[in-house]
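Trainee: My structure is below; once you've seen it, I'll send some questions.
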Ligand SMILES: [Zn+2]
């Protein structure tokens, strides 16, 4: 974890520690040494207190946009907010035009655990513009965080639909496309 933070800090400072993988390999060590040399620290490749302070005080302040007040977060053990991000890819919104309904997320977690398999979200939130673009109905529940399209690899859409109904959700099965629209 600490190695990951160091790698991120090095990357943000313009050094190349290799992939941010939490492993302090040769590339990470040389990046630390390069950083230390530039900062006139003893280039021993070890992150002691001086290097630590130099590394973490040089971090650029996070850029905060007015709409991005909260960082996307883990919602349940198996679902992260990013999985429900609007699929406009940032063209029309910041990805989160609404909050996902927490009761829906709990039900998805329940279904996921019932099959003990990853439940793949193909569409969560949608902003108005994106919804029009994909031909969604004007009052689509995707607009307000009350719907998610999903599938489980290797599980039929009908089994998924049954489990979703058991969990108290409304279901539309898109058999040809191989997913279920689940809503609360
Ligand atoms: Zn959008």
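The values are calculated or read from the model by the stated rules, or taken from the named source; none is laboratory data. These numbers were taken from a predicted model, which means no experiment stands behind them. Don't worry about glycine lacking a Cβ; one is built from the backbone with ideal geometry, like all the others, and counts go over all protein chains shown.
Trainee: Within the stretch 57-95, which residues are at pLDDT below 85, surrounded by 11 or more Cβ atoms within 10 Å (Cβ to Cβ) and farther than 21 Å from residue 129 by Cβ?
Mentor: 58, 59
Trainee: Could we say that residue 131 is free of Cβ contacts under 8 Å to residues at least 40 places away in the same chain, within 16 Å of the ligand (Cβ to nearest atom), surrounded by 13 or more Cβ atoms within 10 Å (Cβ to Cβ) and part of a helix (DSSP H, G or I) here?
Mentor: Details: free of Cβ contacts under 8 Å to residues at least 40 places away in the same chain: yes; within 16 Å of the ligand (Cβ to nearest atom): yes; surrounded by 13 or more Cβ atoms within 10 Å (Cβ to Cβ): yes; part of a helix (DSSP H, G or I): yes.
Considered against the rule, which asks whether it is free of Cβ contacts under 8 Å to residues at least 40 places away in the same chain, within 16 Å of the ligand (Cβ to nearest atom), surrounded by 13 or more Cβ atoms within 10 Å (Cβ to Cβ) and part of a helix (DSSP H, G or I), residue 131 comes out as yes.
Trainee: Out of the residues in the stretch 96-108 meeting the condition of being over 22 Å from residue 160 (Cα atoms) and surrounded by fewer than 20 Cβ atoms within 10 Å (Cβ to Cβ), tell me which one is nearest to the ligand (Cβ to nearest atom). Break it down into steps so the answer makes sense when it comes.
Mentor: So in the stretch 96-108, the residues over 22 Å from residue 160 (Cα atoms) come out as 96-99.
Filter again for surrounded by fewer than 20 Cβ atoms within 10 Å (Cβ to Cβ), leaving 98-99.
Numbers: 98: 10, 99: 14 Å.
Filtering the stretch 96-108 for residues that are over 22 Å from residue 160 (Cα atoms) and surrounded by fewer than 20 Cβ atoms within 10 Å (Cβ to Cβ), the one nearest to the ligand (Cβ to nearest atom) comes out as 98.
Trainee: Let me ask something additional. Looking at (1) part of a loop (DSSP other than H, G, I, E, B); (2) away from the ligand (no atom under 12 Å from the Cβ), can you tell me which one residue 149 breaks?
Mentor: Answer for residue 149: the failing condition is (1).
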